[in-house]
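Here the structure comes first, spelled out in structure tokens, and everything after it is commentary.
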Amino acid sequence: MHPVSNNMLRHKLLHWVCAAGMLLLVMLKLGFAGDSCSWKGSGLIRNPHSRAVEQIHLRCTQGSLLWMYPTRALRVILEPNLANGKYTTACIKPSSSFHGADIYIEEGGKMHLLVNEAHGTQHLHCFGMDTTHRVTIFLMANPQQNIGGGTVGFQYELLSKRRTGLGLQKLPPGEAACRPCDNADLLMAVCSSDFVVRGSIRNVSHNLESHVSLVGISAWRIYRQRNHIFQPDHPTGGWTGYIRTLLQCRVKKGPGDFLFTGSEHFGDAWLGCAPRFKDFLHIYKEAKLQKYNPCEFPTD
């Protein structure tokens, strides 16, 4: 074998660096560098004389965006790589420090105001996705915003057709989230919900501004939970946590042994089906006897 000279090694290294640089330039030109779940950027790095709108692609079912020192506008395209069409709704939750821009949604070639900074931003905003499962969001910087301030951020999440507790189905507002679950809903809820817990209602508080009720739960059995919504309560040996539901559902504190199910969105638990435990057991045992229960559930 012939020894490789230092000059040859340097030549190969330089060739590899050039090739990698060309590949990076191609990726930037095609927009691949912005294709991710989350994005963070600053308006300070932009050419102040440019009128071009910066475009960002977010290709996941959930993520976040943080735009510091917002200037002009930012076009954000939620375009997840989906193998099916089960996601029908997109929701965004502005950050607590949201300041310096308004948010618009593009629908049918028109712009619709979604978040107006002047009217407050501390709400969850949801909207339907079209048949392409693509959502275009415009962040328009406030022209009166000083260059030294402003932080615009939000989390986003795509929701499926299943019950979410948020009242997002195509029914009058709140009706879908508040209507009682039928037997099929109950059986499916214990199989597919983000959390399934058995317990009682400890207290209920209402927020008139956000139209949300906060239900305090004392749980003595956790069958499933995704993000540790319910934490151990060492004095009682059980768990405690909070579940949200719409204010118009009129949840009240009362005695009873319930099976709470629901979904988690932006770190919060939202109520789905909540039958009395004895009623659920009767429905489940009958379904199992007839062999149409969608999954196994421990009844001991």
Exercise. Just wondering, is there one or more residues in the range 287-300 that are assigned to a strand (DSSP E or B) and crowded, with 17+ Cβ neighbours inside 10 Å?
Worked result: no
Exercise. Is it true that residue 107 is modelled with pLDDT under 85, more than 18 Å from the chain's Cα centre (by Cα) and under 13 Å from residue 151 (Cβ atoms)?
Worked result: no
Exercise. From the residues in the range 258-278 that are loosely packed, with under 13 Cβ neighbours inside 10 Å and modelled with pLDDT of 90 or more, which one is farthest from the chain's Cα centre (by Cα)?
Worked result: 278
Seminar exercise, completed: residue 226 vs (1) without any contact (Cβ under 8 Å) to a residue 40 or more places away in the chain; (2) over 15 Å from residue 191 (Cα atoms): all pass except (2)
Exercise. Do we have residue 123 as assigned by TED's automatic domain parsing to the domain that holds residue 91, assigned to a loop (DSSP other than H, G, I, E, B) and either at pLDDT 80 or above or in contact with a Ser or Thr (Cβ under 9 Å, 6 or more places away or on another chain) (or both) here?
Worked result: yes
Exercise. For the range 105-119, how many residues are in a helix (DSSP H, G or I), surrounded by 12 or more Cβ atoms within 10 Å (Cβ to Cβ) and out of contact with any strand residue (DSSP E or B) (no Cβ under 7 Å at 6 or more places or on another chain)?
Worked result: 0
For this session: Mind listing whichever residues of the range 72-87 are touching a strand residue (DSSP E or B) at 6+ places or on another chain (Cβ under 7 Å) and either at pLDDT 85 or above or surrounded by fewer than 18 Cβ atoms within 10 Å (Cβ to Cβ) (or both)?
Result: 72, 73, 74, 75, 76, 77, 78, 79, 86, 87
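The values are calculated or read from the model by the stated rules, or taken from the named source; none is laboratory data. This structure is a prediction, so every number in the text was calculated from the model and none was measured. Heads up, the Cβs are rebuilt from the backbone with ideal geometry, glycines too, and the neighbour counts pull from every protein chain shown.
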